[in-house]
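K.L.:
The structure's right below; bear with me while I get my questions together.
Taken together, the values in this text are just the output of simple stated rules run on the coordinates, not laboratory data. Worth saying up front: this structure is predicted, and the values here are computed from it rather than measured. Reconstructed Cβ throughout: ideal geometry from the backbone, glycine too, with neighbour counts over all protein chains shown.
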Amino acid sequence: MRDVRVLSGDWRFLKADLPVETAMRYAEQGEAVTLPNTWNAEDGQDGGNDYYRGRCWYVRELSAEELTGERVFLEISGAAMTAEVYLNGKKLVRHEGGYSAFRAELTGRLAERNTLAISVSNEDNDTVYPQKADFTFYGGLYREVRLISVPAEHFELVKDGTPGIKVTPSVDLDKHSAAVTVETWQNADAVEMTVNGETRRVPSVDGHAQAEFILENVHLWNGTEDPFLYTAEARLDSGDAVSTRFGCRTFRCDPEKGFFLNGRSYPLRGVSRHQDRKRKGNALNLEDHEEDMAIIRELGANTLRLAHYQHAQEFYDLCDENGIVVWAEIPYITMHMKNGRENTLTQMRELITQCYNHPCIAVWGLSNEITAASAVNEDLLENHRLLNDLCHRMDSTRLTTMANVFMLETDSPILEIPDINSYNLYFGWYLGEMSQTDEFFDEYHAKYPDRVIGFSEYGADANPAFHAEHPERSDYTEEYQALYHEHMLRMIEERPYLWATHVWNLFDFAADGRDEGGKHGENQKGLVTFDRTLRKDAFWLYKAAWNKREPFVHLCGKRYENRCTEKTEIKVYSNQSSVTLYVDGVRIAEQEGKTVFCFSIPLVGEHLIRAEAGNASDTMCIRRVSQPDESYLYNKSATVVNWFDQDGLNPDCFSVQDTLSELRANPQAGAVVNAMMEKASASRGDVADAVKDNPALQRMMGRMTLISLLKQGGADEESIKQLNRVLQGIKK
Ligand code: GCU
């Protein structure tokens, strides 16, 4: 029999880089912790980019009754980022990579008394990814640690953290059947395999056994509508046994028609997720994962990009059970490291080995924005080719993809490597106008009609405390985020060829290097707050568009109570076709429509607003105030915009309101602007280089007004005014 024990309690934690002997000697003085655990739950979420990145120890005694089997293995499901396991002071294994499982055999090294000492480090280095990215690299034993005791004859446990069993379903849609190949690895002569009630005894040759089972009238794994799962079991005469669920489905992508599931068009529309929570960091438990899945189901998304690394097995299981199609990836991100190649291959091999049986996974992501801080050179290209080949060698049933940074030229050779591609675009947030997203995809699709393209990230930061009647880019208001997503939702609906689209991000998450938008250490592009307690208005937009199950109506702007305008916009999101609005109990208007319903009402005093759609309704209170509520404003410099509005400027002369290409078209104004850009780019190193010699991006930037570029670059009010004075001195 196989005996699995979770080692959650009785650990001692030492936050110090010590020799193993010292760690064992002083373990008793260490902090008593239970697993899962991370040492960055606080300092990794409070901004300042100063969280503890170092080496720490987890020490625990193993009692005799825990060591039951003829052979005993230790399984570590997640140790970030690099770990070394010692038993009684002897090193058993070193593992580089913070997101995949690994195991070490204890048998033959056990003594009367046994001390387990595990060092874990999230130190900076140039070999283990990630090293540069917009999220906190939590350190710790942040997933379960288990003891696995098995008979002498047992299924493979060590190689790449394998489950010991691999299932490859091949579906024939016409015959409505599936050929299911089951493979196992063991040190025994034969294996008893069972699929769908059929049991077969299969010989094992060189430690490998394989058999094919035919499923007639196959019950397909059919996305959110019907995520049907089968189970495959394998058993040895010794009593050791393994099993896995699997699903029978087919995926394919078409450059013109997008994604297909089981032969039918199935546009993938969803979100991305990081594996962390407020106050907990990445030390999550099953309830946390289940709550996240419930929110994803409520939203109505049918796909998830699990970024930027391998997530917990429990979460892939939930995606299998809920029919969510998954983009899985390794943390090969932002900056290519010439000493990191081996680590990318190891992380990918472990990802595929450990997640292969999950029917939810459709694609393997090779990298994310790897050209953001690195030039496209031969070493980077070769690394991607090797990863791509590895994926195809290990898994002929899935596609490879990549998430590309917005400034990557669309004729870059790197785009030729994966089977399909997607872009991360932030026009309308980090730069430019929202409409430039439409232009980008139209240009790309027209130029490369045979290429499959997707939208792997898009989003805008919003702090639910900030509000505006006339929201604008980078004001961090809930209203601007909603407007931004309304645009992107329309843009996506008009372009069904996009194989998949993933909102960045479903939840706010920790990025300790951030201090903006009125919060520290958080990326606030979530549709839901970091602690999962608040759904921002944009959440309800996607629910209205994607969740057709539960009729609902949502009044936007509930937190924007104090309004100092004569009239105000009342926006309603609903998945119903008509919405009726009441003010102070009086029926004001009824509107037929889809997803977004906008009303304008006069504001005189305190008002009770009610929206109805069928049996669904929602209410809120708003009031007229004489002065703008300062607490709603993040960007104090927002008033600068007022200073720069049209009637303050001499239209016959240039100003910061003119676009870059208009200014550059004039030698005098162009000289002023180029001098300023030179100075700015000198401080921005590789990103600026990538921008400078990227014709596509130059074209995009040319269409931007100088003021939005300056604000994007964080220029202060005084230098903007100064530059404007100079430009106002130059006649058009
Ligand atoms: C990038 C990156 C994300 C990051 C996001 C952002 O595209 O891939 O990891 O969080 O931009 O800036 O919000």
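K.L.:
Could you give the dipole magnitude of the chain about its Cα centre, charging the beta-carbon of Lys and Arg +1 and that of Asp and Glu -1, in debye to the nearest 20?
P.N.:
The dipole of the chain has a size of about 500 debye.
K.L.:
Follow-up question, since we're still on this one. Within the set of other residues whose C-beta is less than 9 Å from the C-beta of residue 190, count the net charge using Lys and Arg as +1 and Asp and Glu as -1.
P.N.:
Result for the local shell: -2.
K.L.:
To the nearest 20 debye, what is the magnitude of the charge dipole of segment 361-451 about its Cα centre, counting +1 on the Cβ of each Lys and Arg and -1 on the Cβ of each Asp and Glu?
P.N.:
Roughly 360 debye, rounded to the nearest 20.
K.L.:
What does the helix-only formula give at 222 nm for the chain: each DSSP H stretch with n ≥ 4 adding -39500 (n - 2.57), the total divided by the residues, and the result rounded to the nearest 500 deg cm²/dmol?
P.N.:
The per-residue figure over the chain is -6500 deg cm²/dmol.
K.L.:
From largest to smallest, what semi-axes in whole angstrom does the chain give when each is the square root of 5 times an eigenvalue of its alpha carbon gyration tensor?
P.N.:
They are 48, 30, 27 Å, listed from largest to smallest.
K.L.:
Within 10 Å, count the other beta carbons around each residue, average over each peptide in 127-133, 649-655, and list them highest first.
P.N.:
127-133, 649-655
K.L.:
For residue 594, give me every one of the lysines with a C-alpha distance below 29 angstrom, ignoring sequence neighbours fewer than eight places off in its own chain.
P.N.:
Counting by Cα, and skipping residues close in sequence, residue 594 has these lysines nearby: 257, 525, 536, 543, 548, 558, 567, 571.
K.L.:
Scan segment 29-105 for GluC sites (Glu not before Pro) in coil per DSSP, keeping those whose Cβ has at most 16 other Cβ atoms within 10 Å, and list them by number.
P.N.:
The qualifying sites are 42, 70.
K.L.:
Same structure, new question: If packing is taken as the average count of other Cβ atoms within 10 Å, what order do 424-430, 586-592 fall into, highest mean first?
P.N.:
424-430, 586-592
K.L.:
To make sure I understand the rule: partners must be aspartates and glutamates, Cα under 19 Å from the Cα of residue 731, and not fewer than 8 residues away in the same chain. Which ones qualify?
P.N.:
Candidates past the 8-residue exclusion: 645, 647, 652, 658, 662.
K.L.:
Rounded to the nearest 5, what % of the DSSP beta bridges within the chain are antiparallel ones?
P.N.:
That works out to approximately 80 percent antiparallel.
K.L.:
Okay, next question. Where the centroid of each part is defined by its Cα atoms, how far is segment 199-225 from segment 100-174 in Å?
P.N.:
Going from one Cα centre to the other spans 26 Å.
K.L.:
Additional query: Using only the alpha-carbon atoms of segment 90-224 as identical scatterers, what base-10 log of I(q)/I(0) does the Debye formula give at q = 0.11, 0.21 Å⁻¹?
P.N.:
-0.67, -1.22
K.L.:
Follow-up question, since we're still on this one. Considering only DSSP beta bridges where both residues belong to segment 273-370, give the percentage that are antiparallel (nearest 5).
P.N.:
10
K.L.:
Something else about it: GluC sites (Glu not before Pro), restricted to segment 544-589: which are DSSP loop and have at most 14 other Cβ atoms within 10 Å?
P.N.:
Qualifying residues, ordered by number: 566.
K.L.:
Here is a follow-up. Given R₀ = 41 Å, FRET efficiency for residue 10-residue 46 by Cβ-Cβ distance, to 0.05?
P.N.:
So the FRET efficiency works out to roughly 0.85.
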